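The values are calculated or read from the model by the stated rules, or taken from the named source; none is laboratory data. Bear in mind that the values here come from a model prediction, so they are computed numbers and not experimental data. All Cβ positions, even for glycine, are placed from backbone atoms using ideal geometry, and neighbour counts span all protein chains on display. Note: areas computed on protein heavy atoms with side chains; ligands, DNA, RNA excluded. Shrake-Rupley method; radii C 1.70, N 1.55, O 1.52, S 1.80 Å.
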Amino acid sequence: MLTDDFHVFDTTLRDGAQREGISYSVADKLAVARLLDSLGVGFIEGGWPGAVPKDTEFFARAAQGELQLKHATLVAFGSTRKAGVAVREDRQVQALLDSGAPVITLVAKSDVWHVKRALRTTLDENLAMVSDTVSFLRAAGRRVFVDCEHFFDGYKHDSDYGVRVLDAAQAAGADVGVLCDTNGGMLPMGIGDTVRAVRARTGIRLGIHTQDDTGCAVANTLAAVDAGVTHVQGTANGYGERAGNADIFAVLGGLVFKMGLNVLPEGTIGESMRVSHAIAEIANLAPDTHAPYVGSSAFAHKAGLHASAIKLGPELYNHMDPELTGNSQKILITEMAGRASVELKSAELGMDVTDRPDVVSSVVDRVKERESSGWSYEAADASFELLVRDELHTAPSQFRLESYRVIIDRREDGALVTEATVKVHAGEQRIITTAEGNGPVNALDLALRSALGEVFPRLAALELSDYKVRILPGKHGTDAITRVLIETSDKSTEWTTVGVHPNIIEASWLALEDAVRFGLLER
Ligand SMILES: CC(=O)SCCNC(=O)CCNC(=O)[C@H](O)C(C)(C)COP(=O)(O)OP(=O)(O)OC[C@H]1O[C@@H](n2cnc3c(N)ncnc32)[C@H](O)[C@@H]1OP(=O)(O)O
Ligand SMILES: CC(=O)C(=O)O
């Protein structure tokens, strides 16, 4: 059941778009709004119509039916009327009405410094700007929320003035007075104290809007809820001006799982990870793999000691069930792995090694020994699976390399011709093939597939989809070594393999050989 009338207010499309590097098209904004709606937030602030042309178009297209929201109400953002201008004459306020949005958020100055130095007007005129604009919009049938800019700094400069702004907003018909930590300089203790003090002095519903300049935006938001606010603002993945805003996924995780507040419709919080990653894609930013609740590493365990406890109960090292936000637990196999890590990872990959302590021990030893010379299984599950299967003797012998040769012919006219020859044994056959490619790895890949294609027809479906090289510094007195990661897909699944060697061609071959071996496994 929903916690009565708690507001989850998302401003990804307004304050989130103020992040350096983000520039949404109108189609992007519509797509982000649909994603946020599927998360079940109550309000989506779509932008500032009349100030930003794309935002004006966004609201127009939403009003024409391009945005059918199931859960959320659309909100337009703008400022109070200008000082010395009648509200009816203020084109920016008119644009808010023209947007058709049923809810308007007005940004208002609530810090005497800002009124005097930024607006360059009187304290009374600023109060009139708030009440005139709220009354005007209310008379036109809109709900109004008032974002009190710099509220917390303002409270230090003059603890009465911000409360007068809130009272003016309420008297004119605003529903919510949002206390904004606009400069993001607050810490949770100060937020809690101020919210409690202000609650005792005003009757309007209070909200919170925090920026992350001290790295405390989420904590500040939760502290404000603890102190009594019932309206929280945040943005997807914490996008926003400067260091960003409160990350809505972390705020929701805190409210729902830690504070027991059912602020979303039944089941929608399980969409968190999907929505977070999809919005990152649209913003053209890589998802933060370490983001709380929704990062792909948020429940990844590397340390052997952690894995040994997780084997007995996942709750011993997970603060919650990862699946509740659509995430999953991962066990990482590295030099820090122990026996439990190998058992859990093998189980994750569908191999039961619990009654094979000998295999577990030798896998642990091989992983540690290989990792010390540059191998890394952390991102190469397929190579790890082959290693375990080799120890279990459950990997079929599909083919055996006799030799390969790669020739790169750089001609006088600049043309480069790369040719690879492989000699392999498959069953009773010895097969020799040569292929040209656009580089040595491509030529080797083509030659190997052409050699094995007739024996293993399913090879035709395999595609080498990514190839990453990392040069690792050598140990004292030795050359650098190369680590190659190859990602392969067969249209239904993808897998990653690793190869390590001082010679880049051999490192590539080792990763390629594992990629093909894994692709030919019966799974
Ligand atoms: C804390 C926040 O994040 S609030 C959101 C801020 N977002 C944005 O600014 C993005 C969109 N902004 C814009 O497109 C432009 O800045 C506009 C269209 C709003 C205004 O542009 P311009 O008219 O060229 O003015 P400019 O940005 O230089 O200055 C803002 C004006 O609004 C006034 N103003 C600032 N805050 C307020 C307010 N809360 N209420 C009324 N007027 C305000 C300023 O005093 C200044 O007035 P002036 O023109 O008389 O000096
Ligand atoms: C309104 C807003 O974005 C702020 O005060 O930070």
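Here are some notes:
- Filtered by the rule that a residue be open to solvent by 30 Å² or more (accessible area, probe 1.4 Å) and closer than 18 Å to Gln398 by Cβ, segment 454-482 gives Glu454, Val455, Phe456, Pro457, Arg458, Ala460, Ala461, Leu464.
- Checked against the criterion of being within 20 Å of Gly78 (Cβ to Cβ) and away from ligand 2 (no atom under 14 Å from the Cβ), segment 2-13 has at least one qualifying residue.
- Screening segment 86-107 for residues that are over 15 Å from Ser135 (Cα atoms) and among the aliphatic types (A, V, I, L, M) and picking the one that is most open to solvent (accessible area, probe 1.4 Å) gives Ala95.
- Residue list for segment 407-424, filter: at pLDDT 95 or above and open to solvent by less than 40 Å² (accessible area, probe 1.4 Å): Thr418, Ala420, Thr421, Val422, Val424
Here's the yes/no breakdown for (1) assigned to a loop (DSSP other than H, G, I, E, B); (2) within 14 Å of ligand 1 (Cβ to nearest atom); (3) over 14 Å from Ile248 (Cβ atoms); (4) open to solvent by less than 60 Å² (accessible area, probe 1.4 Å):
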site: Phe9; (1), (2), (3), (4): no, no, no, yes
site: Val32; (1), (2), (3), (4): no, no, no, yes
site: Lys54; (1), (2), (3), (4): no, yes, yes, no
site: Leu69; (1), (2), (3), (4): yes, no, yes, yes
site: Arg81; (1), (2), (3), (4): yes, yes, yes, yes
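- Residue that is nearest to Trp509 (Cα to Cα), among those in segment 395-451 that are in contact (Cβ under 8 Å) with a residue 24 or more places away in the chain and part of a loop (DSSP other than H, G, I, E, B): Phe399
- When Thr434 is tested against the conditions (1) within 35 Å of the chain's Cα centre (by Cα); (2) among the β-branched types (Val, Ile, Thr); (3) surrounded by fewer than 16 Cβ atoms within 10 Å (Cβ to Cβ), the lone failure is (1).
- Candidates in segment 118-133 are the residues that are within 10 Å of ligand 1 (Cβ to nearest atom) and more than 13 Å from Val165 (Cβ to Cβ); of these, the one that is least open to solvent (accessible area, probe 1.4 Å) is Thr121.
- Extreme residue, farthest from Leu206 (Cα to Cα), among residues of segment 104-124 that are hydrophobic (A, V, I, L, M, F, W, C) and away from ligand 2 (no atom under 15 Å from the Cβ): Leu123
- Test: residue in segment 219-233 that is under 25 Å from Val107 (Cβ atoms), touching an Asp or Glu at 6+ places or on another chain (Cβ under 7 Å), assigned to a helix (DSSP H, G or I) and away from ligand 1 (no atom under 16 Å from the Cβ): no
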